[in-house]
Amino acid sequence: MLQLDIVTPHRKLLSTSCDSVILPGVNGEFEVLEGHTPVLTTLKPGVLSFRHANSTVKLMVAEGFAEADNTHVSVLVESAALPEEIDIKAEQELIDKLQKELANIKSGEDVELKHMHVQIERATAKLQIF
């Protein structure tokens with residue numbers, strides 16, 4: 001069994017035992033099982049899933065870091081959300097609004113572009129957990 005802890009700057013979202021964890025690493029998804037070699041990695045906004053017994057739980061995580069070893073996975077992210085915390089309609093409306101705004105941004109406004117892309121990635125990840 002693995003111990004999984006998910007923490008944001010505002011709260012400890014989750015602390016549970018599980019059989020495996022799939023993380024959205026910046027270089028692609030990867031799975032952590034009991035006995036995993038120690039690793040510290042950067043996460044991108046996406047879906048984190050973990051399996052316990054015969055059920056799988058999915059949640060959204062924003063950018064952050066994960067540290068794993070043979071018995072523990074610690075996830076430190078800017079934000080995270082469980083399915084019951086997500087308003088599907090509001091997230092879809094946000095994506096639509098941001099995509100329209102992207103069309104009006106001039107090149108050279110890189111900081112604003114990057115911020116909007118991150119918001120879209122987060123909202124998209126929220127919709128992917130359903």
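Scan the range 61-97 for residues that are in a helix (DSSP H, G or I) and surrounded by 16 or more Cβ atoms within 10 Å (Cβ to Cβ) and report the count. Even if it seems obvious, please write down each step before you answer.
Start the filter on the range 61-97 by keeping residues that are in a helix (DSSP H, G or I), which leaves 83-85, 88-97.
Still in the list and also surrounded by 16 or more Cβ atoms within 10 Å (Cβ to Cβ): 91, 94-95.
Number satisfying all stated conditions: 3.
Only residues that are surrounded by 12 or more Cβ atoms within 10 Å (Cβ to Cβ) and not in a helix (DSSP H, G or I) were counted across the range 110-130, and they come to 1. I'd like to check something: does the range 47-56 contain any residue that is on the phi > 0 side of the Ramachandran plot and hydrophobic (A, V, I, L, M, F, W, C)? Yes, there is a match, as at least one residue in the range 47-56 is on the phi > 0 side of the Ramachandran plot and hydrophobic (A, V, I, L, M, F, W, C).
Within the range 2-14, which residues are loosely packed, with under 11 Cβ neighbours inside 10 Å and in contact with an Asp or Glu (Cβ under 9 Å, 6 or more places away or on another chain)?
Residues satisfying the conditions are Pro9, Lys12.
Candidates Glu63, Glu85: the one that is charged (D, E, K, R), under 20 Å from Leu14 (Cα atoms) and free of Cβ contacts under 8 Å to residues at least 40 places away in the same chain is Glu85. In the set (1) touching a Lys or Arg at 6+ places or on another chain (Cβ under 8 Å); (2) farther than 14 Å from Asp5 by Cα; (3) among the hydroxyl-bearing types (Ser, Thr, Tyr), the condition left unmet by Thr37 is number (1).
Read-outs: derived from the displayed coordinates by stated rules, not from any lab. For clarity, every value in this text was computed on a predicted model and none was experimentally measured. When we count neighbours, we look across all protein chains shown, and the Cβ atoms used for this are built from the backbone with ideal geometry, even at glycine.
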